[in-house]
Amino acid sequence: MTNSAEAPASGDTLKIGVVGAGGVGAYFAAVLARAGHEVHLVATPRHIEPIRSNGIRVTRGDGSEGFTARPASISTDAAEIGACDAVIVASKAGQVREALLEAKALVGTDTAVLPLQNGVSATQQITDAVGPGHALGGVCLIISYLTEPGIVHHVGSQPGITLGELNGNVTSRVEKLAAALADAQVQTTISLHITADMWRKFMLITSYGGVGALSREPVGRTRANPLSRSLVRDAMSEVAHLATAAGTPLDETDVEAMMRQYDTFDPSSTSSMQRDLAAGRPSEIDEQTGAVVRIAGRYGVPVPIHDTIYRALKLRDG
């Protein structure tokens, strides 16, 4: 294994806690349960009865057949579930610490905690909530959202997760969780450089999401128009310079790689931040565009595009 490796499938059954039953958490809970793993959901009250009665239904935007799966349990009280082999945190980026403080009973001595948020702050929030040694790094590529509690609509191609220990070691807990995700037909990669992977995802999501939210247009239109496309690319360059200043060197090669990823997105897709802002819901703008601005201030790096997007959009948050 050099920089990364595809995760092998495994016959081991894991007890997996999932914190959050939104479009991402419910999707991964469903596919892991369908694969035979013991999945326990910690969720807010509105999700409990629909999922307890009917399971989680996954529908697909490409017209292919969906499915329904039942987790082993769903509760508002993590103490009813107890310690798990692994915990997946699928709350909003700014709520990781608070969500894990409430779900602390899921975390045993060697429980791996995998964050799937769009940002670079989740690992520190995990450590603040449950102590050192539990946080993994994680990068999730999926476009999915709830149509109502217990029903998830998945748009796009096969979801992917890249995960790894923050120190670059390949441990048995990472290999077991990666194998469980591979069992669930998630394209799974173990990374030796997960911090750089998280910064690249941060670069992608903040840039295309911010421009999409500002223009109120889907991916297909923002990438087809030369002006908005170049704005996305220039926003990515700002984040690459910021990552380098923060100790994770990125360059124009990384920018081009993320632009290629952007070009694979379904033309009708939008970022979760854009959808929340459009609907007048509380969004992750403070943990995405706002985080770029805050970190840039710490390191003295100019980020005029992200600063403008943040100031223009913050008024619409919530």
In what order do ASP317, ASP251 fall by count of nearby beta-carbon atoms within 10 Å, going from fewest to most? ASP251, ASP317
Of LYS104, LYS92, how do they rank once you tally other Cβ atoms within 10 Å and put the fewest first? LYS104, LYS92
Tell me, what ³J(HN,Hα) does each residue in the stretch 277-290 have, in order and in whole Hz, if you take phi through Karplus 6.51 cos²θ - 1.76 cosθ + 1.60 with θ = phi - 60° and put x for Gly and Pro? 5, 5, 8, x, 8, x, 10, 9, 4, 5, 8, 10, 4, x
Ratio of Rg to Rh over the stretch 197-316 (Cα coordinates, Kirkwood Rh, two decimals): 0.94
Centroid-to-centroid separation of the stretch 107-133 and the stretch 34-58 [C-alpha atoms, Å]: 22
Using just the helices of the chain, give the 222 nm mean residue ellipticity in deg cm²/dmol: DSSP H runs with n ≥ 4 each add -39,500 (n - 2.57), and the total is spread over all residues, rounded to 500. -13500 deg cm²/dmol
Over the stretch 119-183, with a single point scatterer placed on each C-alpha, what log10 of the ratio I(q)/I(0) does the Debye formula yield at q = 0.13, 0.17, 0.26, 0.29 1/Å? -0.50, -0.79, -1.12, -1.18
What order do you get for HIS40, HIS153 when you list them from fewest to most C-beta neighbours inside 10 Å? HIS153, HIS40
Dimensions (Å) - the stretch 4-192, Cα atoms, principal axes, largest first: 40, 34, 30
Any idea which of SER269, LEU214, ALA112 is furthest toward the positive side of the dipole for the chain, if Lys and Arg beta-carbons carry +1 and Asp and Glu beta-carbons -1? LEU214
Could you tell me which of the pairs LYS92/LYS176; LYS15/LYS201; LYS92/LYS201 are separated by over 18 angstrom between their Cα atoms in the structure shown? LYS92/LYS176; LYS15/LYS201
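Values quoted throughout were computed directly from the atomic coordinates according to the rules given, and no laboratory measurement underlies them. Because the structure is a prediction, the values reported are computed rather than measured. All Cβ positions, glycine included, derive from the backbone under ideal geometry; neighbour counts span all protein chains shown.
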